[in-house]
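What follows is a single structure, written as structure tokens, with notes after it.
The values are calculated or read from the model by the stated rules, or taken from the named source; none is laboratory data. Since the structure is predicted, the reported quantities are computational estimates derived from the model, not experimental observations. When we count neighbours, we look across all protein chains shown, and the Cβ atoms used for this are built from the backbone with ideal geometry, even at glycine. What goes into the accessible areas is simple: the full protein's heavy atoms, side chains included, and nothing from ligands, DNA or RNA. Shrake-Rupley method; radii C 1.70, N 1.55, O 1.52, S 1.80 Å.
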Amino acid sequence: MTGALTIAGLGPGDEALVTPEVSAALASATDILGYAPYVARVPARAGLKLHPTDNRMELQRANEALRLASEGQRVVLVSSGDPGVFAMASAVFEALENSPQWQGLSIRVLPGITAMLAAAARAGAPLGHDFCAINLSDNLKPWMTIEKRLRLAAEADFAIAIYNPRSASRPDGFARALEILGESGLGERTVIFARAVSTPEEQIETVTLKQARPEMADMRTLVIIGNSATRRVGRWVYAPRHVR
């Protein structure tokens, strides 16, 4: 097998935040696969085939990328942010586990700047101490698991980065998440709504949890809930590095 598969993160949106290593991989690729809006971020050029697919086709997309690489193509499978954070790297290795004939392929994972880290940088340093990330999508895991993780994260006093908070097909999950966190005593916690970070549509809004409303978030929003020590300094939000 003479081809290769690269799983690459395109960062949060601004082309300046795509790493040089990822840019080099895109420049040498013969085939680009990914969710359609992410593939659209890769400029067309002669000799490059673009393969956009639907967002719910992760395993099919991973298998197609492996197949093309096994046939000698230089394939780049793109995700937004980092490919290892709620993205395509794990889907590829799941497909690879089920397809031993491709386990000799040359595969590499190139990191990218996650939405979580880009949002935190815009706000200040809200992830400056222990934190966790929770994906509110229940497409691939039961909602009861999400509820349990929210409650335990609140109990452990983590700052919490919430991915995929609210979509047209899941309009109620984020409202329930806010209720759970409120019931856990987090009503006065600082909450950052960071939408479309690093793009012209960027919006950053900071409120308390009790002021937060479900409609303040959509699928382009990364939500960060501060821990009990989170502070505001002017327009900035940060978590102290020490625990009293």
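As a calculated quantity, the FRET efficiency between residue 101 and residue 28 at R0 = 22 Å, using C-beta atoms, amounts to about 0.30. Residue by residue, the range 224-229 carries 3J(HN,Hα) couplings of 10, 9, x, 8, 5, 9 Hz when phi is fed to the Karplus relation 6.51 cos²θ - 1.76 cosθ + 1.60 (θ = phi - 60°); x denotes Gly or Pro.
I'd like the FRET efficiency for residue 147 and residue 44, computed as 1/(1 + (r/R0)^6) with the beta carbon distance as r and R0 of 45 Å, rounded to 0.05.
For residue 147 and residue 44, the calculated efficiency is 0.55.
Here the simple spin-label model places points 7 Å from the Cα toward Cβ, and for residue 125 and residue 14 these points are separated by 2.0 nm.
In whole percent, how big is the carbon plus sulfur part of the accessible area of the chain, probe 1.4 Å, protein atoms only?
Values: 6370 of 12110 Å².
In the chain, the share of accessible area belonging to carbon and sulfur is 53 percent.
How big is the equivalent ellipsoid of the range 1-142 along its three axes, where each semi-axis is √(5λ) from the Cα gyration tensor, reported in whole Å from largest to smallest? Display every interim value, and only then the final one.
Working: eigenvalues 135, 69, 35 Å².
So the three semi-axes of the range 1-142 are 26, 19, 13 Å.
Summarising the strand pairing of the range 1-109, around 5 percent of its internal DSSP beta bridges are antiparallel.
Shape verdict for the range 126-206, please, from the Cα gyration tensor: rounded (a/c under 1.5), prolate (a/b greater than b/c) or oblate. Because a/c hits 1.5 or more and a/b fails to exceed b/c, the range 126-206 counts as oblate.
With contacts defined as alpha carbon pairs under 8 Å and 6 or more residues apart, what's the relative contact order of the range 113-244 in percent? Walk me through the numbers before you get to the answer.
Working: 239 pairs, mean separation 42.5, N = 132.
Normalised by residue count, the contact order of the range 113-244 is 32 percent.
Listed by chain and number, the lysines whose alpha-carbon sits under 30 Å from that of residue 210, ignoring those within fewer than 8 places in the same chain, are 141, 148. Report the Cα centroid-to-centroid distance between the range 1-36 and the range 89-133 in angstrom, as an integer. After rounding, the separation between the Cα centres reads 14 Å.
How much length is gained on full extension from residue 228 to residue 183, taking 0.36 nm per residue of separation minus their Cα-Cα distance? Kindly include the intermediate steps, with their values, before the conclusion.
Working: separation 45, 0.36 × 45 = 16.20 nm, distance 1.50 nm.
Between residue 228 and residue 183, full extension yields an extra 14.7 nm.
Taking 0.36 nm per residue of separation and subtracting the Cα-Cα distance, what length does fully extending residue 140 through residue 242 add?
33.1 nm
Considering only alpha-carbon pairs that sit under 8 angstrom and 6 or more positions apart, the relative contact order computed for the chain is 20 percent.
Note that the chain presents 50 Å² accessible area per residue, ligands and nucleic acids not counted, probe 1.4 Å.
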